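This report refers to the structure that appears directly beneath it.
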Amino acid sequence: MKQAIWNDTVIAESDETILIEGNHYFPASCIKKDFFKSNDTQSKCPWKGIASYYDILVKGKTNKGGAWYYPNASDMAKNIKGYVAFWNEIEIKNKLQISLLMKYQTTRANSEAICAALEIEDYVPQLVEFASPPKWHLAHSTWFFETMILQKFDPSYQIYHPNFSFLFNSYYESIGKRTIRSQRGHITRPTVKEVYAYRKHVNEAMSVLLNEVVTEEIKHLVVLGINHEQQHQELLWTDLKFMLGHNPIFPVYEASYDDLKSNNQSKDFVKVLAGNYKVGFEGEDFHFDNEKERHTVYLRDYEIADFLVTNKEYLNFIADGGYQKFQYWLDEGWAWLQQNEIIAPLYWIKKNNEWYQYALSGLQKINPENILTHVSFYEAQAFANWKSMRLPTEFEWEVASKQLTWGQRWEWTNSAYLPYPNYKTAEGAVGEYNGKFMINQMVLRGASIATAKGHERNTYRNFFAPQHQWQYSGIRLVK
């Protein structure tokens, strides 16, 4: 689909343009006639005939003679009779390119919007290895576009800084050496200001590239980069919450932002009959390589909750001594609990015999009806045992997902993160994205309130180590 654009407005669009001498001729039926006004100008082409012209009027501005057409084209040009072509700063773009550029720009802006409420001091601290500083996330997602796309496909691109690849490469061995993950908080320089300048530099170069002819390979990598940055947006939320939530004065990120207010809409269980079912991604839309290939699994009869565990239910588990009774816990989970003196989900604090919870809006009393969050796999599994139920496998979750309400919490499953049948690792750096992490991780399904809009799908396989609590993770039970 080609679009003619002037003054930030689409004035014609068609997937049936005719290309002659570098000009796209649009069918007359595809122009937006309200923007066109005939004028008296004419010109003569030796083989096409006499051309007539339109002025283009958009948002109070006039592009005089910006479009032309051949009302009585010669026999050699009869295929464009009545068709309209453009010049004089009117851009002809592929609609897919425009959509891709807008998606890129929106995604990049969303990352910066998350950081808008931060103070300059918030950008650098790193309390633990797994939670990176906001400044690093902003720079790393920029590095991805610079390294994976601009350096490869734009011969004129100038690398912003020769040291940035070492500082902001995450885990791509094929690209080169990098700073130790636990030392990302040591990077006080470059400054926050320079990281934003880096983002601007890359954004400008990407905009130029995406206004040119975009190959399928570039498109694939840009879409991957967009989804990669959306993943880092969720990590931005959870990492900055970890930083603020461990500050002894529990600072407010934004008073109006309540990241804990989520309630169940159902109290029912969904029955699924035994049988063979297909799981895994199918289609041409974007997906990560770990969602393929689609394959058949056999499932026994099961009933899965159309609701998630609430704070009230978990408070009952704590009150019943759930954290003191080893019989509910996996041995590894029990050791983790004792070694780290875990007595409740992350951000839960007991004051004056009452439970409080840190939210991005500040410390607040626990609302019993809110959906539980910030629990580890170990805690989810122990709670399920206490309830005489279990966690779903990732396949049980996916098969039932169309009948479930989901998207408020990432939901722990009882499935290890392993490759699907015939899983293939791509060549080069992109091949390091998922496959090499398929060990010692558990799968979570669904999405959370921190997941970027449009990033979720029912075949998405998130994964984290079983001890981690800092994601917006919750519990769905099966009986």
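The values are calculated or read from the model by the stated rules, or taken from the named source; none is laboratory data. None of the values given here were measured: they were computed from a predicted structure. Glycine also receives a Cβ, built like all others from the backbone with ideal geometry; neighbour counts cover every protein chain displayed.
Overview of results
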quantity: Conditions (1) part of a loop (DSSP other than H, G, I, E, B); (2) buried (at least 17 other Cβ atoms within 10 Å of the Cβ): number failed by Ala380; calculated: (1)
quantity: Lys261 vs. criteria surrounded by 14 or more Cβ atoms within 10 Å (Cβ to Cβ), within 16 Å of Leu372 (Cα to Cα) and basic (Lys, Arg); calculated: yes
quantity: The stretch 14-25, residues that are outside any loop (DSSP other than H, G, I, E, B) and surrounded by fewer than 18 Cβ atoms within 10 Å (Cβ to Cβ); calculated: Ile18, Leu19, Ile20, Asn23
quantity: Residue in the stretch 26-44 that is in a strand (DSSP E or B), under 23 Å from Glu212 (Cα atoms) and touching a helix residue (DSSP H, G or I) at 6+ places or on another chain (Cβ under 9 Å) present; calculated: no
quantity: Check on Lys64, surrounded by fewer than 17 Cβ atoms within 10 Å (Cβ to Cβ) and part of a strand (DSSP E or B); calculated: yes
quantity: Strands (runs of 3 or more DSSP E) contained in the stretch 209-323 and holding at least 1 residues of a type in the set (A, V, I, L, M), closer than 29 Å to Pro345 by Cβ and modelled with pLDDT of 95 or more; calculated: 269-272, 302-305
quantity: Output for the stretch 397-416, where each listed residue is touching a strand residue (DSSP E or B) at 6+ places or on another chain (Cβ under 6 Å), within 14 Å of Gly280 (Cβ to Cβ) and not aliphatic (A, V, I, L, M); calculated: Trp397, Glu398, Ser415
quantity: Pairs, first of a type in the set (A, V, I, L, M) in the stretch 386-413, second part of a loop (DSSP other than H, G, I, E, B), C-beta under 6 Å, six or more apart; calculated: Met389/Leu477; Met389/Lys479; Leu404/Asp306
quantity: Filter result for Glu216 (of a type in the set (Asp, Glu) and touching a Phe, Trp or Tyr at 6+ places or on another chain (Cβ under 8 Å)); calculated: no
quantity: Residue check for Asn88: among the polar types (S, T, N, Q), in contact with a Phe, Trp or Tyr (Cβ under 9 Å, 6 or more places away or on another chain) and not in a strand (DSSP E or B); calculated: yes
quantity: Tally of residues being part of a loop (DSSP other than H, G, I, E, B) and either of a type in the set (Gly, Ala, Ser) or surrounded by 17 or more Cβ atoms within 10 Å (Cβ to Cβ) (or both) across the stretch 346-363; calculated: 4
quantity: Odd one out for Ile187 among (1) under 26 Å from Met102 (Cα atoms); (2) among the β-branched types (Val, Ile, Thr); (3) over 20 Å from the mean Cα position of the chain (by Cα); calculated: (1)
quantity: Among the candidates Trp470, Trp412, residue that is outside any helix (DSSP H, G or I), over 15 Å from Ala305 (Cβ atoms), in the same structural domain as Gly322 (by TED's automatic domain parsing) and in contact with a Phe, Trp or Tyr (Cβ under 8 Å, 6 or more places away or on another chain); calculated: Trp470
quantity: Exclusive hit being assigned by TED's automatic domain parsing to the domain that holds Ala116 and not basic (Lys, Arg), set Leu330, Leu315, Leu308, Leu235; calculated: Leu235
quantity: Check on Tyr198, of a type outside the set (A, V, I, L, M) and in a helix (DSSP H, G or I); calculated: yes
quantity: Sole residue being over 18 Å from the mean Cα position of the chain (by Cα) and either crowded, with 19+ Cβ neighbours inside 10 Å or under 23 Å from Gly428 (Cα atoms) (or both), chosen from Val213, Val202; calculated: Val202
quantity: Condition check for Ser182: of a type in the set (Ser, Thr, Tyr), more than 20 Å from the chain's Cα centre (by Cα) and outside any loop (DSSP other than H, G, I, E, B); calculated: yes
quantity: Pairs where the first residue, in the stretch 190-212, is in the same structural domain as Trp136 (by TED's automatic domain parsing) and the second is small (Gly, Ala, Ser) and surrounded by 13 or more Cβ atoms within 10 Å (Cβ to Cβ), C-beta under 6 Å, 6+ apart; calculated: Val195/Ala139
quantity: Those residues of the stretch 279-296 which are touching a strand residue (DSSP E or B) at 6+ places or on another chain (Cβ under 6 Å) and surrounded by fewer than 14 Cβ atoms within 10 Å (Cβ to Cβ), in sequence order; calculated: Thr296
quantity: Any chance Arg184 is basic (Lys, Arg), on the phi < 0 side of the Ramachandran plot and buried (at least 21 other Cβ atoms within 10 Å of the Cβ); calculated: yes
quantity: Residue count for the stretch 67-85, restricted to those that are surrounded by 18 or more Cβ atoms within 10 Å (Cβ to Cβ) and either assigned to a loop (DSSP other than H, G, I, E, B) or not assigned by TED's automatic domain parsing to the domain that holds Ile18 (or both); calculated: 2
